[in-house]
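Just so you know, all these numbers are worked out from the coordinates, no wet-lab data involved. Because the structure is a prediction, the values reported are computed rather than measured. Cβ sites come from the backbone with ideal geometry, for glycine too, and all protein chains shown count toward neighbours.
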Amino acid sequence: MSQEKSFDKRDLLRIVKTKDGEIFIDPTGKKNGRGAYIKLDNEEALQAKKKRAFNHSFSMDVPESFYTMNSLLMWITRSKEES
């Protein structure tokens, strides 16, 4: 959700909203749907949760469960450990 800076695409994670309103993480960056990017950083994910940033990006209420350890935060933590 960092909009002021440029990042290498490998340092970003794409979040997708389908026409059916499904929200999911797209590690390939190639799935169909409207995309929003977030930096692969736990602090960034926590800020996105606090600000409900994807609600604005996708013009809908994104479930709280998306932001929890079962989804966004877990994915970012795992990605950073693999780096």
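For the pair Lys51 and Glu82 in one chain, pulling the backbone fully straight at 0.36 nm per residue adds 8.4 nm over the alpha carbon distance. Look at Leu72, Leu12 and count the other Cβ atoms within 10 Å of each Cβ; fewest to most, that gives Leu12, Leu72.
Under unit Cβ charges (Lys, Arg +1; Asp, Glu -1), what dipole magnitude, rounded to 20 debye, does the chain have relative to its Cα centre?
240
Placing +1 on the Cβ of every Lys and Arg and -1 on the Cβ of every Asp and Glu, with no other charges, gives the range 31-79 a dipole of roughly 100 debye about its Cα centre. Relative contact order, whole percent, for the range 1-57 stands at 35, derived from Cα pairs under 8 Å and 6 or more residues apart. For the chain, dividing the convex hull volume of the Cα atoms by the residue count gives 92 Å³ per residue. Seen through its C-alpha gyration tensor, with square-root eigenvalues sorted a ≥ b ≥ c, the range 10-52 comes out oblate because a/c lies at 1.5 or above while a/b is not bigger than b/c.
When you count the other C-beta atoms within 10 angstrom of each residue and take the mean per peptide, 21-32, 53-64, 37-48 line up highest first as 37-48, 53-64, 21-32. A dipole drawn for the chain from +1 and -1 charges on Cβ atoms has a positive end, and of Gly33, Gln47, Ile23 the residue lying farthest that way is Gly33.
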